[in-house]
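Engineer: Attaching a single structure in structure tokens format; questions to follow.
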Amino acid sequence: MTTSTTSDSLYERARHLMPGGVNSPVRAFGSVGGTPRFLVDAHGAYVTDADGTQYVDLVCSWGPALLGHSHPDVIAAVHRAVDHGLTFGASTPAEADLAQLVKERVPAVELLRMVSTGTEATMTAVRLARGFTSRTLIVKFAGCYHGHVDSLLAAAGSGVATLALPGSAGVTEATTAETLVLPYNDVEAVEEAFRTHGEHIAAVITEAAPANMGVVTPAPGFNAFLSRITTEHGALFIVDEVMTGFRTHPGGYWKLTGGADDAEHPWTPDLLTFGKVIGGGIPAAALGGRADVMNYLAPIGPVYQAGTLSGNPIAMAAGVATLTAATDDVYRHVDARSLEVSDALSAELARAGVDHSIQRAGNLFSVAFGTAERGVRNYADAQGQEAFRYGPFFHSMLDSGVYLPPSVYEAWFLSAAHDDAAMERIQAALPAAAKAAAE
Ligand code: PLP
């Protein structure tokens with residue numbers, strides 16, 4: 001395991017100033033050990049730490065950097081916006097520009113509300129669903145992460161999985177009592193929940209494809225089933241596309257998998273949540289969906305929601321520039337590179353005799369050790385894997401100049417900037433890392 005002198009001293013300083021030295025738990029390298037790298041620059045497919053070491057980046061800021069870091073169009077748009085002021089606390093033309101781009105790509109969005117984080121988007125979606133239906137219960141799936149909303153922190157993935165927490169201290173039993181947590185991909189469990197509690201269920205919320213317990217592919221027809229059963233019982237179907245939206249396809253995972261036009265399994269969300277790519281690297285997120293539901297939000301409707309920096313002009317400019325530059329070619333490139341990396345990863349692990357499966361949802365993927373036989377269909381499978389293999393694998397890659405998500409429960413992210421040189425560095429790093437995972 002390497003240490004990094006400047007990152008070491010920055011971490012030491014940070015730990016006296018911020019809990020755990022970080023502002024988001026997974027950044028602390030808790031599950032892989034060692035010193036978190038303090039990053040000072042990000043361009044294209046590369047990030048550079050405070051020691052001047054450059055890494056091929058497979059985190060992409062956890063998703064936003066679809067185009068690669070510091071894409072010239074996005075930087076130029078931000079510079080232009082900054083020249084006119086940082087925040088107005090009033091409506092701006094750019095908000096409607098971004099909303100228009102979202103609507104064109106995701107037709108299930110009839111109206112959109114901008115917020116600043118994915119957490120705010122899902123929190124508001126839950127409140128809105130309860131307000132619209134006058135019901136209390138929310139169904140969520142174990143291992144799905146929807147941000148750190150109290151009522152959704154029950155059996156959440158992401159950092160909660162990394163830290164092996166059942167949920168979070170500080171979330172009251174009364175709060176989680178109104179959340180039903182079910183196993184993902186389990187049709188019978190959902191049917192049973194609706195049989196028992198149907199008239200009280202306000203909404204089912206799910207990641208469009210889970211990517212916070214590692215990636216899990218929705219079973220064919222599972223989203224369509226959720227869409228159907230919620231409609232039948234007068235509940236809303238909230239599809240969280242914070243991770244998958246604008247990354248797996250211009251229309252998100254919904255469109256990637258056929259959406260309302262899918263011949264066999266048509267499905268349509270009532271509400272969708274977005275984050276990450278929508279802000280192009282600056283804090284922005286949104287919720288959108290059916291106009292009759294969205295109009296329950298203040299100032300038209302009775303469900304309150306607000307935000308000092310919502311629709312911030314710099315973030316809107318970055319979002320508009322990002323979605324505009326995200327052409328079909330970008331998606332083709334990211335899809336192809338993602339397959340290239342995951343195939344190479346799988347081949348090297350197989351060569352080193354490491355039992356594993358690659359989990360995919362569009363261009364998102366992750367590796368799960370010791371799961372070759374059954375794959376990963378839900379949180380129990382994800383937690384049952386040989387997670388201990390990831391730390392040595394991660395550090396070997398890091399030593400070879402490849403920056404991976406510092407947890408086995410996170411997806412790997414590619415970008416339009418991952419070129420042949422970046423690919424070569426990843427390929428070159430894999431054999432030693434696979435051997436480290438084998439030990
Ligand atoms: N929903 C999903 C699916 C996410 O992956 C995340 C964050 O990773 C969130 C919601 C929360 O977004 P944010 O971190 O912007 O609050």
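Engineer: Against the condition closer than 25 Å to Y296 by Cβ, away from the ligand (no atom under 16 Å from the Cβ), modelled with pLDDT under 95 and more than 21 Å from the chain's Cα centre (by Cα), how does A235 come out, does it pass?
Structural biologist: It is false that A235 is closer than 25 Å to Y296 by Cβ, away from the ligand (no atom under 16 Å from the Cβ), modelled with pLDDT under 95 and more than 21 Å from the chain's Cα centre (by Cα).
Engineer: Only one residue in V367, V334 is in a helix (DSSP H, G or I), of a type in the set (A, V, I, L, M, F, W, C) and surrounded by 23 or more Cβ atoms within 10 Å (Cβ to Cβ), so which one is that?
Structural biologist: V334
Engineer: Tell me, yes or no, whether the range 129-151 has at least one residue that is under 16 Å from Y304 (Cα atoms), at pLDDT 95 or above and within 16 Å of the ligand (Cβ to nearest atom).
Structural biologist: Yes, the conditions are met somewhere in the range 129-151.
Engineer: Based on what the data block shows, is A76 of a type in the set (A, V, I, L, M, F, W, C) and in contact (Cβ under 8 Å) with a residue 60 or more places away in the chain?
Structural biologist: Against the criterion (of a type in the set (A, V, I, L, M, F, W, C) and in contact (Cβ under 8 Å) with a residue 60 or more places away in the chain), A76 qualifies.
Engineer: Kindly indicate which of L17, L66 is assigned to a loop (DSSP other than H, G, I, E, B) and in contact with a Lys or Arg (Cβ under 8 Å, 6 or more places away or on another chain).
Structural biologist: Step by step, each of L17, L66 is checked, and only L66 is assigned to a loop (DSSP other than H, G, I, E, B) and in contact with a Lys or Arg (Cβ under 8 Å, 6 or more places away or on another chain).
Engineer: Under 9 Å between Cβ atoms, at least 6 apart or on separate chains: pull out the pairs that start in the range 115-128 with a residue that is within 13 Å of G311 (Cα to Cα) and within 9 Å of the ligand (Cβ to nearest atom) and end on any residue that is at pLDDT 95 or above and acidic (D, E).
Structural biologist: A121/D240
Engineer: Please verify whether A284 is touching a residue at least 12 places away in the same chain (Cβ under 8 Å), among the hydrophobic types (A, V, I, L, M, F, W, C) and more than 30 Å from A76 (Cα to Cα), treating the condition exactly as stated.
Structural biologist: When the stated conditions are applied, A284 does not pass them.
Engineer: Here's another thing I want to ask about it. Among the residues of the range 20-32 satisfying the criterion of being within 16 Å of the ligand (Cβ to nearest atom) and in a helix (DSSP H, G or I), which is farthest from P392 (Cα to Cα)?
Structural biologist: Here the residue is P25.
Engineer: Any residue at all in the range 279-297 that is among the β-branched types (V, I, T) and within 15 Å of the ligand (Cβ to nearest atom)?
Structural biologist: yes
Engineer: Determine which member of the set A189, A177, A208 is surrounded by 16 or more Cβ atoms within 10 Å (Cβ to Cβ), more than 16 Å from the ligand (Cβ to nearest atom) and among the small types (G, A, S).
Structural biologist: A189
Engineer: If we scan the range 401-411, do we find a residue that is surrounded by fewer than 21 Cβ atoms within 10 Å (Cβ to Cβ) and over 16 Å from V59 (Cβ atoms)?
Structural biologist: There is no residue in the range 401-411 that is surrounded by fewer than 21 Cβ atoms within 10 Å (Cβ to Cβ) and over 16 Å from V59 (Cβ atoms).
Engineer: Moving on to the next point. Do we find a residue being modelled with pLDDT of 95 or more, on the phi > 0 side of the Ramachandran plot and of a type outside the set (S, T, N, Q) anywhere in the range 387-399?
Structural biologist: Looking for residues that are modelled with pLDDT of 95 or more, on the phi > 0 side of the Ramachandran plot and of a type outside the set (S, T, N, Q), one finds none in the range 387-399, hence no.
The values are calculated or read from the model by the stated rules, or taken from the named source; none is laboratory data. Predicted model, so just to flag it, every value in this text is computed and none were measured. Here Cβ is always computed from backbone atoms with ideal geometry, including for glycine, and neighbour counts include all displayed protein chains.
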